[in-house]
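A.B. asks: Please find one structure pasted underneath; my questions will follow.
The values are calculated or read from the model by the stated rules, or taken from the named source; none is laboratory data. Note that this is a predicted model, so its numbers are computed, not measured. A quick note on method: Cβ atoms are made from the backbone with ideal geometry, for glycine too, and the neighbour counts reach across all protein chains shown. Protein only, heavy atoms only, side chains kept; ligands, DNA and RNA dropped before computing areas. Shrake-Rupley method; radii C 1.70, N 1.55, O 1.52, S 1.80 Å.
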Amino acid sequence: MESAVFQKVDSYLTTLFSLEDSVLKQTEQSIRNNNMPEHSVSANQGQFLSLLAKLCQAKRIIEVGSLGGYSTIWLGRAVKDIGKVTSIEVEPSFADVARNNIEKAKLSETVEIITGDALQVLKELEKDKTPVDLFFMDADKPNYINYFNQALKMSRKGSLIIADNVIRNGKVLDVNSQDEKVIGVREYNSYLANNKKVTTSIFQQVGEKEYDGIAISLVL
Ligand code: DHB
Ligand code: MG
């Protein structure tokens, strides 16, 4: 099937549910204007993250990989007034763009963007013993297992650990791949498959973004 139809359906759903307002559109524009990677989640994916955050009644959310703050806005809006989002971004110029977008979204009270190496920042955040209800990783794929283990330490029974881009246009099938991102998600997927502390559903996603997939792990 043509990927064009996936894009059209994505666009149909985004319009039908009025998913993208001017703040989200401006956020995407800021990513293009600053020549950042166009790797934000789509509006439909954002809505799905928001639904998951509400489902687990999230009060504390941690995101690894803010980029321009697009998914961060979705998560922030989902928990506004009842919870907080901490989003970690290693690239200082991206973190600046994200902070600016969070401010425009009027979410500065809900969302904090921390600049730094995610594993180091997570070690600091671990000092706060409030369990993390939802953890979203959308960053360097080779570190996914490390982020997962850190997330697990900070979780409670019923927390969600979510990872973006675990299918990578089907390249996840390539056992001989030399691409560190593919290797990273292949290792992550099999780590999840063998981990007894979580139950995981991985599903493929199509739409306006490249064909990819998401892993959702429920902490048991
Ligand atoms: C890449 C990273 C992402 O987070 C994404 O959604 C798509 C692609 C990448 O690094 O290739
Ligand atoms: Mg991603």
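A.B. asks: Whose amide H sits under 5 Å from the amide H of Lys84, counting only residues 5 or more places off or on another chain, with H placed in the peptide plane?
C.D. replies: Arg60, Ile61
A.B. asks: Over the chain, what relative contact order in percent results from Cα pairs under 8 Å that are six or more residues apart?
C.D. replies: Here the relative contact order equals 19 percent.
A.B. asks: Using a ≥ b ≥ c from the Cα gyration tensor of segment 120-216 (square roots of the eigenvalues), is it rounded, prolate or oblate, where a/c under 1.5 gives rounded and otherwise the larger of a/b and b/c decides, a/b for prolate? Present the calculation step by step, with values, prior to reporting the outcome.
C.D. replies: Values: a/c = 1.94, a/b = 1.76, b/c = 1.10.
Note, shape of segment 120-216 comes out prolate.
A.B. asks: Under the Karplus relation 6.51 cos²θ - 1.76 cosθ + 1.60, θ = phi - 60°, what is the ordered set of whole-Hz ³J(HN,Hα) values for segment 180-191, x standing for Gly and Pro?
C.D. replies: 4, 6, 5, 4, x, 6, 4, 5, 5, 4, 6, 4
A.B. asks: Further question: Need one number: convex hull volume per residue for segment 67-121, Cα atoms only, in Å³.
C.D. replies: Details: hull volume 3.4 nm³, N = 55.
About 63 Å³ per residue, rounded to a whole number.
A.B. asks: Out of residues 5 or more away from Phe136 or on other chains, whose amide H comes under 5 Å of its own, with H placed 1.01 Å from N in the peptide plane?
C.D. replies: Amide H neighbours of Phe136, under 5 Å, 5+ apart: Ile62, Glu63, Val64, Ile162.
A.B. asks: How would you order 63-69, 22-28 from highest to lowest mean count of nearby Cβ atoms within 10 Å? Walk me through the numbers on the way to the answer.
C.D. replies: Values: 63-69: 28.0, 22-28: 16.6.
Averaged packing, sorted descending, gives the order 63-69, 22-28.
A.B. asks: With respect to the cross-link table entries Lys54/Lys106; Lys106/Lys127; Lys106/Lys181, which display a Cα-Cα separation exceeding 31 Å? Don't skip to the answer; put the middle values down first.
C.D. replies: Values: Lys54/Lys106 19 Å; Lys106/Lys127 28 Å; Lys106/Lys181 34 Å.
Pairs exceeding 31 Å: Lys106/Lys181.
A.B. asks: So for segment 1-156, what percent of the C-alpha to C-alpha distances run longer than 21 Å?
C.D. replies: Working: 5329 of 12090 pairs.
Tail of P(r) above 21 Å: 44 percent of Cα pairs.
A.B. asks: Using θ = phi - 60° and the Karplus relation 6.51 cos²θ - 1.76 cosθ + 1.60, list the HN-Hα couplings for segment 132-140 in order, rounded to whole Hz, with x at every Gly or Pro.
C.D. replies: 8, 7, 9, 10, 10, 9, 8, 9, 4
A.B. asks: Just to confirm, what accessible area per residue do you get for the chain at 1.4 Å probe, in whole Å²? Walk me through the numbers on the way to the answer.
C.D. replies: Details: 11190 Å² over 220 residues.
Roughly 51 Å² per residue, with all protein chains present.
A.B. asks: How much FRET efficiency would the formula 1/(1 + (r/R0)^6) give for Asp128 and Leu16, where r is the Cβ-Cβ distance and R0 is 41 Å, rounded to 0.05?
C.D. replies: On the way: r = 40 Å, r/R0 = 0.96.
The value I calculate is 0.55.
A.B. asks: In nm, what is the difference between 0.36 nm times the number of residues separating Lys104 and Gln120 and their Cα-Cα distance?
C.D. replies: 2.9 nm
A.B. asks: Moving to a separate point now. Could you list which residues have their amide H under 5 Å from that of Ile114, counting only those 5 or more apart in sequence or on another chain, with H placed in the peptide plane?
C.D. replies: Long-range HN contacts for Ile114: Ser87, Ile88, Glu89.
A.B. asks: Another question, if that's okay. Which length gain, in nm to one decimal place, applies between Lys181 and Lys197 when the Cα-Cα distance is subtracted from 0.36 nm times their residue separation? Could you put the intermediate results ahead of the total?
C.D. replies: Details: separation 16, 0.36 × 16 = 5.76 nm, distance 2.44 nm.
Stretched fully, the Lys181-Lys197 segment lengthens by 3.3 nm.
A.B. asks: Rounded to whole Hz and in sequence order, give me ³J(HN,Hα) for segment 31-48 from the Karplus expression 6.51 cos²θ - 1.76 cosθ + 1.60, θ = phi - 60°, writing x for Gly and Pro.
C.D. replies: Residue by residue, segment 31-48 yields 5, 5, 4, 9, 6, 8, x, 8, 10, 5, 5, 7, 4, 5, 5, x, 5, 5 Hz.
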